[in-house]
Every structure is written in C-alpha cells, then in structure tokens.
Amino acid sequence: MATIIQNGLLVTASEIFQADIKIENGKISIIADQIGSKNEDTVIDATDKYVLPGLIDPHTHLGIEGTLDDFESGSKAAASGGVTTIINFTEPDNSQTYLEDLTEWRAKAKNSIIDYGFHSIINKCNPEVIEQIAKLPDEGVTSIKLFMAYEENMVNDKEMYLLLKAAKKAGIVTNVHAENGNLIDLLIEEALRKNNTKPIYHAYTRPPSMEAEATARALRIAEVAEAPIYIVHISCEEALTEFTRAKERGVIAFGETCPQYLVLDEDYLKTEDKEAVKYICSPPLRTKKDQEVIWSKIKSGSISTIGSDHASHPFVNGKENGINDFTKAPNGLPGIESTLLLLYQYGVYEGRITLPKLVEITSQNPAKIFGLYPKKGSLNIGSDGDIVIFDPNKSTVISKETQKQGTEYNVYEGINVHGRIDCVLSRGQVIVEDKEVVGKAGHGEYLYRNRFTSYSHEGSL
C-alpha cells in the first residue's frame, strides 16, 4: 500500500513544478508527471495546491515546567501548522549528567505525534562536561546551547571558548542565546528602583545594543575557536550588522529569527498592561524597521532558519504575574502552529520572499545545519514522506478558539492570512486532515542526527 499525492505544485528550495509523489514505507519513492494508483493505495488530490516538505522547527520548548504544552499537545499544535519535525531544548538538572538529562527528556517525548530531536543546554564547564559533550553524538545529539544571559544558565567567555572547541571536536553545532546578561541585570535593577515596572520596560532593559554586543562577542569567540556557531532568535538590525560582518570574515555562522520578530513589534508591549504582558519574550519585540531589515536578510540569505521559540506559558498564574512588575512574567511566546501561515502571508503573499525561499529557511536549511538532510527537509527520492499540502486559495483566521496549543490566548489573535493547511503527512501517514489532527500519540520517532560537516554551510547557507 502506498500514498500518492496527485496534481500538486511541488515546491523545493530552488523551484516550483507540477508533479505527483508516491510514498512507500514512509519514504518518497517516485516523483513523476503522472503516477498511477492501485485499489489499495491512498490517493490525495492536490490540484491547485502547493506540496511542501514538512517544516522543521529547530527551536521549541515543549515539556518545560510551568508551561502548558507537553510533547503530545505541543506536537499536535506543531502538526496542525505543518511542522513535522522539532528539535527541542532540554532543561538541565544539575543533579544529573547531561547524558542522564537527555535520557529523561527522551522519555518525556515518547507521546509525540511528530519526529523529534534535542539540543542539550550546557550551563557549566569542567573536564567532566567536556567528556560528556564528546559522547552526545553517540546518542544522536549533534547540537548544544549556551546562554549569555540568565544567571542560572549563563556561561562566561572562557567557558564559551572551551565549550565551542569541545563541540567542534565532537562534530557539534553550538547554539548561543546572545544577550549581555550581566548588564541587562543592572539595567533591570535600575528600572525597578525608579518604579519603571510596566511591560514595555522589559524591552527598554534589553536594548538592541546588548544583543548586538553579545552577538559580536560570541562570534569573535567562535572565530578564535574555529567552531561553527548558530545564533538563535536574532531580533534587531544592530545584531544583524555584527552577524553579517562575521560571516563576511568567514566565520562559520548561522542565523535564526522567529515569526514574532517579523510580525509583532514593541507597540504590543505599550498596550494595556493586562494585554501587553502576554508579549514578553527575550530578546524583546523590536521596531517595524527591525522587521524589514530581518526580512531583507532572509531574502539575501544571511538569516538561515526560522524557529518558533514556542513556550506555552499560561496567562493565569503565569503571564499575569508580570502585570505590575515585568520581571515576574515568564519569558517566551506560544506560536508553534502559526509559522507557515505567517511566513506565507507576510513573506510570500506580500512579496518579501519567494515560496522556494520559504521552503529553504523552514525545511532545507535546518535539516542541513542540524544533521537531518536529506532524510528530512526536502522532496527527494529516499527522503521521509513528510509533506504539507497548502491551499493558497483559501484563508485562515488565527485564533485561540481554533488553536491546538494549550494557552488561553494567542499572540497572533485575529490575524487573517491567505492560505490554509489542508493536509499534513509524517513519513507517509496523514496526521492532519481538514484542520483536524488525526495523528496518534507515539507516532513520532526520536531522530539520531548526523555530526556537523563542512557541507552544512555550503551553497545556500
């Protein structure tokens, strides 16, 4: 028995063409002008619709304590938005080794509907940690994350250098949260002393200069270590300037941004406090000018990927705690199911990027950077049958009333976008149909990712 998608417009990172696709045993087996079917085959008509590779979200926070989405509910939300693979961040427990922590997180994810992998967050540096990093690829983990902010997790420059070198030796890409945490903490203290506690002061105490400085410093350290580096959630023009300079010097650097930095801006933090507090994330929302600069860097190829940075903090007993003191609100926004819709509307439909560029940044590039290509991220013979059928002739209203994520609110509430996700397949199995998630808990598989190699940053990267 096979699944055959007929009459669709296939979209790759380089072209759009009409063809049929046949999927057998979870893999794409044939791409041809016309593919016949047998009685036992499942046939899906994609006439006048786009056929895209499933999205890879390289930046998710499912299963974090205090959030509402575990791997079952969060993967349902992801699937409904065309995401067929996630790479989730662990949350280190200092009573365990990082390998023990990974084992625990794999157990948490066993009910996922979609395929998944992990980035291991590393929050200290000593010989034992260096030894553990060397063993992570044997467990399928070929990326780690370092923080330059948040006192409980941040590493200093010396530690970053040593960890970057250890990661490079192991074939691991290092993700970095680039904000100058020490100075930001001082700015927050000053704001609180002046009773500047409204949500907008979350942005004012994390200015673009603090993101740019940390970005530049992280890139310089990676340059000296001769190690690949991936800067997560770039939000502003100043940081992008530093990032672009580093790439021009030959630093092996990848840049990620998020839908919120392309669609939302700091004016949301200036609304009524009860609403504004929902939009607290780090780095904070920036200006409309920053949005246009980021779009231009996506178009030019400086930005390689899009990650949702999904964190489903509740409003009640969560975000609402920051109404009178922004420091009490948990950081992060929910939005894992809206990425494709938002990028199509504000990127493709409004003419900022092409549809192949959308596929490049949401599927092909994250697959290449994080050791999943060509198994994931492309419509190639032999690739997994992870596919999204997207109808550009319909429209969708993003709303908390129809969302699958667990929060009581949606930060994109009421946005009307062109396009609708009609069907999603994971390894050839339909997991979303007619806006309903039909995939079963536990369908998702843990992904053993390949070590980082030189091809990862060639060509479009």
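No lab work stands behind these numbers, since they all come straight from the coordinates. Nothing here was measured: the structure is a model prediction, and the numbers come from that model. Backbone-built Cβ (ideal geometry, glycine too); neighbour counts: all protein chains shown.
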Discussion item. With unit charges on the beta carbons (Lys and Arg positive, Asp and Glu negative) and the dipole taken about the Cα centre of the stretch 54-374, which residue among Gly74, Ala166, Ile221 sits farthest to the positive side?
Written reply: Ile221
Response to the item:
The distance between the Cα centres of the stretch 329-365 and the stretch 58-121, in whole Å, is 21 Å
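Between Asp45 and Ser14, what's the calculated FRET efficiency when r is the beta-carbon distance and R0 is 30 Å? Round to 0.05. Provide the component values of the computation, followed by the final result.
Working: r = 25 Å, r/R0 = 0.85.
The computed FRET efficiency comes out at 0.75.
Please report His202, His418, His61 as a ranked list, fewest other C-beta atoms within 10 angstrom at the top and most at the bottom.
Working: His202 26, His418 16, His61 21.
Result, fewest neighbours first: His418, His61, His202.
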Worksheet entry | Projected label distance in nm at Asn126 and Asn380, using a 7 Å step from Cα toward the beta-carbon | 4.3 nm
Item to complete: Assuming R0 = 45 Å, can you tell me the calculated FRET efficiency for the pair Ser95 and Gln34, based on Cβ-Cβ distance, to the nearest 0.05?
Response: 0.15
Fill in: Share of pairwise Cα separations in the stretch 294-336, more than 14 Å, in percent
60 percent
Worksheet item: With each pseudo-label sitting 7 Å past Cα toward Cβ, what's the Asn317-Ser209 distance in nm, one decimal?
Response: 4.1 nm
Practice prompt. List every residue whose amide H lies under 5 Å from the amide H of Gly442, counting only residues 5 or more places away in sequence or on a different chain, with H placed 1.01 Å from N in the peptide plane.
Written response: Ser112, Ile113
Item to complete: Convert each backbone phi in the stretch 127-141 into a coupling constant with the Karplus relation 6.51 cos²θ - 1.76 cosθ + 1.60 (shift: θ = phi - 60°), then list the ³J(HN,Hα) values in order as whole Hz, x for Gly and Pro.
Response: x, 5, 5, 4, 5, 5, 4, 4, 8, 4, x, 5, 9, x, 9
Worksheet item: When you take every Cα atom in the stretch 50-132, what is the radius of gyration, and what is Dmax, the widest Cα pair distance, in Å?
Response: 14.2, 50
Item to complete: Provide Rg and Dmax in Å for the stretch 228-384, with only Cα atoms included in the calculation.
Response: 16.7, 55
Practice prompt. For the stretch 30-40, take each phi angle, set θ = phi - 60°, evaluate the Karplus expression 6.51 cos²θ - 1.76 cosθ + 1.60, and give the result in whole Hz per residue in order, putting x for glycine and proline.
Written response: 9, 10, 8, 4, 9, 10, x, 10, 9, 4, 7
Fill in: Cβ-placed point charges (K, R +1; D, E -1), dipole of the stretch 101-244 about Cα centre in debye, nearest 20
200 debye
Practice prompt. Step through the table entries Lys376/Lys404; Lys49/Lys145; Lys27/Lys135; Lys124/Lys328; Lys135/Lys247; Lys124/Lys297, compare each Cα-Cα distance with 27 Å, and write down the pairs that go over it.
Written response: Lys49/Lys145; Lys27/Lys135; Lys135/Lys247; Lys124/Lys297
Worksheet entry | For Ala46, net neighbour charge (Lys/Arg +1, Asp/Glu -1) across residues whose Cβ lies under 11 Å away | -4
Fill in: Approximate spin-label separation Lys110-Tyr349, in nm, with each point projected 7 Å along Cα-to-Cβ
4.2 nm
Discussion item. Taking every pair of distinct Cα atoms and averaging 1/r, then inverting, what Kirkwood hydrodynamic radius in Å comes out for the chain?
Written reply: 22.1 Å
Worksheet, complete the sentence: Given the candidates Ile398, Gly385, Gly414, the one whose Cα lies deepest towards the positive end of the charge dipole of the stretch 377-461, counting +1 at each Lys or Arg C-beta and -1 at each Asp or Glu C-beta, is Gly385
Worksheet item: Once amide H atoms are built 1.01 Å from N in the peptide plane, which residues 5 or more positions from Lys145, or in another chain, come under 5 Å H to H?
Response: Ser120, Ile121, Ile122, Asn175
Item to complete: Go through the stretch 199-213 residue by residue and turn each phi into a ³J(HN,Hα) via Karplus (6.51, -1.76, 1.60, θ = phi - 60°); whole Hz please, and just put x for glycine and proline.
Response: x, 4, 6, 4, 6, 5, 8, 10, x, x, 4, 6, 6, 5, 4
Discussion item. With +1 on the Cβ of every Lys and Arg and -1 on the Cβ of every Asp and Glu, and nothing else charged, how large is the dipole of the chain about its Cα centre, in debye rounded to the nearest 20?
Written reply: 760 debye
Worksheet item: Between Asn195 and Val430, what FRET efficiency comes out of the Förster formula 1/(1 + (r/R0)^6) with R0 = 51 Å and r the beta carbon distance, rounded to 0.05?
Response: 0.40
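Shape call for the stretch 1-121 from the C-alpha gyration tensor, a ≥ b ≥ c root eigenvalues: rounded (a/c under 1.5), prolate (a/b greater than b/c) or oblate?
Numbers: a/c = 2.91, a/b = 2.53, b/c = 1.15.
Prolate.
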